[in-house]
Amino acid sequence: MIKHSTFLLLVSLCLPGLVIAEAEFDIDADFIVDANVYDGDLFAERISEDSGSELFLRRAKIELGLELDFNAGLEFSAEYNDLNEEVNVDDAYVYFDALNRLQVKLGKFKEPAGLERRHSLTQQYLMERSIATNLFSYGRETGLGLAYDGKAWVLEAAHFLIESDEAAFDDGRASVLHLNVNSWRDDDKTSYLHFGVTFSLRDNPALRYDIDEPLIAHGVGNLFHSPNYFAADEVETQAFEIMGALKEFGLQSEFFTQTVKTRNGDSFEHGGYYLSGVWTLFGDLREYRKGKIRFPRKMKKTLELAARYSHADTANIGEGDIADVWSLALNYYPNNDFRFSFEFEQADLKEYDDGFSRDMDGSSINARFQYLY
């Protein structure tokens, strides 16, 4: 079986030829510090503290890009955060563009996915992605990807190899397909309508497959848990996305369904969704380009009010959690380099354990300082 190291070796073997060619070098970085103040029996049950506060480095990330004069290039990024307390390589891939429409990627890169996952953490309406996105979409793996830009639509496909953490369990594979369509956009790119669908099939994902994610107050760690499925054979996920904006008002939503199949023939269902909106009170509007929204390169002072409701359900066989989260945030951008965010979140959690259920709730007040280079 080909391992991650083989793909990364192939990427490194391309480097001498890439450096020899005439190239344009680019470097970006971001630095994010968060503070959480939290309270509620949700925290008393999960971390044995009914209230508390956290100040932590959410992310320090560096991105290196090398763009060549023959429609090829290299992307590399790495980050450190206080949550994992380790340096991780995010991206490490080479890409090739053909006919100005088709791009081929080889290495470690982000899986084709929906709206929140496709956008960087620094570009979210709220401080973090929704609980539904974090549970039912995936991050980066090592593999081969294709993307075709049809101007008003983009089709992406990728196949990944996933190394097993268990010596007795075979390595896994993931196949992903994503299509997004821009059905309408005005001339200044600030009013638009976008639709998309994602299909993901993970084969042989893990000997013991479960999902654990933060809920609110990310500094305290994972508060949401799914059942632990033994010898999961397949995990199939579908998602539908819709996003639109009319000048200073924007909305986006995603709906997820997931089926976990085990080797003994059992099948279990998960699901979730979110709805978020943003109102630009003053300043520059986000612009829509190729399935993503971003601020102009030289932005004015901007103030946004954002809100989101998110729901996730992994309850099966008398285990798992069901959660509802409400979020409200104020984002201030003095310019492109800085962001200050203040956010309130409320979560209701129903926990199932050995067939018994328990209701918990909690809230958090969050703040973020973000610097982009």
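May I ask you to list the residues in the stretch 272-293 that are more than 18 Å from Tyr333 (Cβ to Cβ) and out of contact with any strand residue (DSSP E or B) (no Cβ under 7 Å at 6 or more places or on another chain)?
Arg289
Can you tell me how many residues within the stretch 206-221 are surrounded by fewer than 19 Cβ atoms within 10 Å (Cβ to Cβ) and without any contact (Cβ under 8 Å) to a residue 60 or more places away in the chain?
Qualifying residue count, the stretch 206-221: 4.
Out of curiosity, is Val33 among the aliphatic types (A, V, I, L, M) and modelled with pLDDT of 95 or more?
It is true that Val33 is among the aliphatic types (A, V, I, L, M) and modelled with pLDDT of 95 or more.
Can you name the residue in the stretch 332-345 that is in a strand (DSSP E or B) and of a type outside the set (Phe, Trp, Tyr) and is also farthest from His225 (Cα to Cα) among such residues?
Among residues in the stretch 332-345 that are in a strand (DSSP E or B) and of a type outside the set (Phe, Trp, Tyr), the one farthest from His225 (Cα to Cα) is Arg339.
List pairs: first residue in the stretch 171-189 and at negative phi and among the aromatic types (Phe, Trp, Tyr), second residue modelled with pLDDT of 95 or more and not in a loop (DSSP other than H, G, I, E, B) anywhere in the structure, Cβ distance under 6 angstrom, at least six positions apart or on different chains.
Sorted first by the residue in the stretch 171-189, then by its partner, the pairs are Trp184/Leu193.
If you check Asp348, Asp284, which single one turns out to be surrounded by 15 or more Cβ atoms within 10 Å (Cβ to Cβ) and within 26 Å of Pro227 (Cβ to Cβ)?
Matching residue, one of Asp348, Asp284: Asp348.
When you scan the stretch 121-142, how many residues do you find that are touching a residue at least 12 places away in the same chain (Cβ under 8 Å) and either in a helix (DSSP H, G or I) or out of contact with any Lys or Arg (no Cβ under 8 Å at 6 or more places or on another chain) (or both)?
Total satisfying the criteria: 10.
Any residue that is under 17 Å from the mean Cα position of the chain (by Cα), at positive phi and in contact (Cβ under 8 Å) with a residue 40 or more places away in the chain - is there at least one of those in the stretch 278-294?
For the stretch 278-294, residues under 17 Å from the mean Cα position of the chain (by Cα), at positive phi and in contact (Cβ under 8 Å) with a residue 40 or more places away in the chain: present.
Condition check ((1) buried (at least 22 other Cβ atoms within 10 Å of the Cβ); (2) farther than 30 Å from Ala232 by Cβ; (3) not acidic (Asp, Glu)) across all residues:
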site: Ser276; (1), (2), (3): yes, yes, yes
site: Lys290; (1), (2), (3): no, yes, yes
site: Lys300; (1), (2), (3): no, yes, yes
site: Ala307; (1), (2), (3): no, yes, yes
site: Ala315; (1), (2), (3): no, no, yes
site: Asn336; (1), (2), (3): no, yes, yes
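Among the residues of the stretch 140-148, are any of a type in the set (S, T, N, Q), touching a Gly at 6+ places or on another chain (Cβ under 8 Å), farther than 29 Å from Ala72 by Cα and crowded, with 22+ Cβ neighbours inside 10 Å?
no
From the list Arg289, Arg202, Arg294, pick out the single residue that is under 30 Å from Phe56 (Cα atoms), out of contact with any Pro (no Cβ under 8 Å at 6 or more places or on another chain) and among the basic types (Lys, Arg).
From the options Arg289, Arg202, Arg294, the qualifying one is Arg294.
Taking Glu241 as the residue in question, decide whether it is at pLDDT 95 or above, under 15 Å from Phe195 (Cβ atoms) and in contact with a Phe, Trp or Tyr (Cβ under 8 Å, 6 or more places away or on another chain).
Yes: the conditions hold for Glu241.
In this structure, is Gly265 surrounded by fewer than 21 Cβ atoms within 10 Å (Cβ to Cβ) and free of Cβ contacts under 8 Å to residues at least 24 places away in the same chain?
yes
Output the residues belonging to the stretch 305-347 that are free of Cβ contacts under 8 Å to residues at least 40 places away in the same chain, within 23 Å of Asp361 (Cβ to Cβ) and not aliphatic (A, V, I, L, M).
Matches in the stretch 305-347: Tyr309, Gly318, Asp324, Trp326, Phe342, Phe344.
Across the stretch 90-131, what is the number of residues that are closer than 17 Å to Ala329 by Cα and small (Gly, Ala, Ser)?
Looking only at that region, the number is 1.
So, Ser364, is that one buried (at least 22 other Cβ atoms within 10 Å of the Cβ), part of a strand (DSSP E or B) and over 19 Å from the mean Cα position of the chain (by Cα) or not?
Judged against the criteria, Ser364 is a match.
Every residue in the stretch 207-220 that is at pLDDT below 90 and of a type outside the set (A, V, I, L, M, F, W, C), please.
Once the filter is applied, which keeps residues that are at pLDDT below 90 and of a type outside the set (A, V, I, L, M, F, W, C), the stretch 207-220 yields Arg208, Tyr209, Asp210.
Return the residues of the stretch 236-256 that are in contact with a Gly (Cβ under 9 Å, 6 or more places away or on another chain), touching a residue at least 24 places away in the same chain (Cβ under 8 Å) and surrounded by 15 or more Cβ atoms within 10 Å (Cβ to Cβ); say none if nothing qualifies.
Ala239, Phe240, Glu241, Ile242, Met243, Gly244, Gly250, Gln252, Glu254, Phe256
The values are calculated or read from the model by the stated rules, or taken from the named source; none is laboratory data. Values in this document were obtained by computation on a predicted structure and should not be read as measured data. Please note: Cβ atoms are built from the backbone with ideal geometry, for glycine as well, and neighbour counts cover all protein chains shown.
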